[in-house]
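Notes follow the structure.
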Amino acid sequence: MRLRTGILALTLFLVPACLGPSPAFAAGKAYILDYHTFLASGASSMDFDLETIAGQLDRFAALGYRFVSLEDAIAGRIEGEANIVVTIDDGHRTVAEAHDKVFAPRGIRPTLFIYPAVIGRTGFSLGRDELRRLLAAGCGLGSHGYHHEYLTARAFAEDPRKARGEIERTGPALERLTGTRPRLFAFPFGVGSAEAEELLARNGFEYAFIAGDSLVAVDFADPTLKKLAVPRTIVYRWNAILILAELEKRNQTRLSRGSAENSRP
């Protein structure tokens, strides 16, 4: 009996090793950066000129970071820890030029988080045809609410109908605009709530993203990851240099760890 028990234990230990690493171990991590506008006006701390953005991206690449799509990161089609996902919120009219002159030439396919109420209706936003062109060029699509209103617990308490509409109306509206029903959602102002997460799940959204100024490596294969509160990093003018420095520091740590492992007998 003891022999059979010992053999069974040995088998259970060896089989996973034969099958290879578990998905959680094998999957890569990514830093999800969140940009907004490219006016070069200096009016907003989240606004950049194209030359500055290009310089940031090139410095990330020089450190050894790869640009991957959000779709590939979610699907586990990335490796290692040196991955950057680019997302762009709001659908400002400057996104098209930034895509054509900065992102596309570098092979970067940003995910665009759009609130449909504004598309094609003001001088602020992309037109419908521009948005469709960017999606056809490989950009991803996500929702950013319907009118870009808060979806906090307070918002649901004060005006539940308005808050529900931000989620319930946005998917159908974006589908009418683009022909695609988004499964990704980015919380306006980067702040979510339990009420919003529950409603998002009921409306077919698979992932939702919060946002802040902290740099977080996201592993979509991590079973503890909150799929409806995935962190992103907002890129401001004041923290851009800090992001670069932190990425450089983490890259050096990664390289040092790799050198140490390779030097083992």
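The values are calculated or read from the model by the stated rules, or taken from the named source; none is laboratory data. Just so it is clear, the model here is predicted, and its values are computed rather than measured. Neighbour counts are summed over all protein chains in view; Cβ atoms, including those assigned to glycine, are modelled from backbone coordinates with ideal geometry.
Hey, can you tell me all the residues within region 78-127 that are outside any loop (DSSP other than H, G, I, E, B), in contact with a helix residue (DSSP H, G or I) (Cβ under 7 Å, 6 or more places away or on another chain) and of a type in the set (Gly, Ala, Ser)? Correct list: ALA96, ALA98, SER125.
Condition check for LEU57 on (1) in a loop (DSSP other than H, G, I, E, B); (2) touching a Lys or Arg at 6+ places or on another chain (Cβ under 7 Å): one failure, at (1).
If we scan region 37-47, do we find a residue that is in contact with a His (Cβ under 6 Å, 6 or more places away or on another chain), part of a loop (DSSP other than H, G, I, E, B) and not small (Gly, Ala, Ser)?
Narrowing region 37-47 to residues in contact with a His (Cβ under 6 Å, 6 or more places away or on another chain): 37, 46.
From what's left, part of a loop (DSSP other than H, G, I, E, B): 46.
Filter once more, so that each one left must be not small (Gly, Ala, Ser): 46.
The answer is yes; a qualifying residue exists.
For region 121-128, the criterion of being of a type in the set (Val, Ile, Thr) and buried (at least 20 other Cβ atoms within 10 Å of the Cβ) is met by no residue. Taking region 191-226 as the range and being outside any loop (DSSP other than H, G, I, E, B), out of contact with any Phe, Trp or Tyr (no Cβ under 8 Å at 6 or more places or on another chain) and not charged (D, E, K, R) as the test, the residues that pass are ALA194, LEU199, ALA201, GLY212. The one condition from (1) touching a strand residue (DSSP E or B) at 6+ places or on another chain (Cβ under 9 Å); (2) buried (at least 16 other Cβ atoms within 10 Å of the Cβ); (3) not in a helix (DSSP H, G or I) that TYR236 does not meet is (1).
If the condition is being basic (Lys, Arg) and in a loop (DSSP other than H, G, I, E, B), then region 149-190 contributes ARG169, ARG181, ARG183.
If you check GLU168, GLU206, GLU197, GLU175 for being buried (at least 17 other Cβ atoms within 10 Å of the Cβ), of a type in the set (D, E, K, R) and out of contact with any Ser or Thr (no Cβ under 8 Å at 6 or more places or on another chain), only one passes: GLU197.
From the list ALA137, ALA82, the one residue that fits, being modelled with pLDDT of 95 or more and in contact with a Gly (Cβ under 6 Å, 6 or more places away or on another chain), is ALA82. Consider region 37-56 and keep the residues that are surrounded by 20 or more Cβ atoms within 10 Å (Cβ to Cβ) and without any contact (Cβ under 8 Å) to a residue 60 or more places away in the chain. The one that is nearest to GLU246 (Cα to Cα) is ILE53. Is it fair to say GLU158 is acidic (Asp, Glu), surrounded by 15 or more Cβ atoms within 10 Å (Cβ to Cβ) and more than 30 Å from ASP129 (Cα to Cα)? So GLU158 fails the test. Of the residues making up region 128-139, just one is assigned to a loop (DSSP other than H, G, I, E, B) and either of a type in the set (Lys, Arg) or within 18 Å of GLY171 (Cα to Cα) (or both), namely CYS139.
Scanning region 61-76 for residues that are out of contact with any helix residue (DSSP H, G or I) (no Cβ under 8 Å at 6 or more places or on another chain), within 24 Å of GLN252 (Cα to Cα) and without any contact (Cβ under 8 Å) to a residue 60 or more places away in the chain returns ALA62, ARG66, VAL68.
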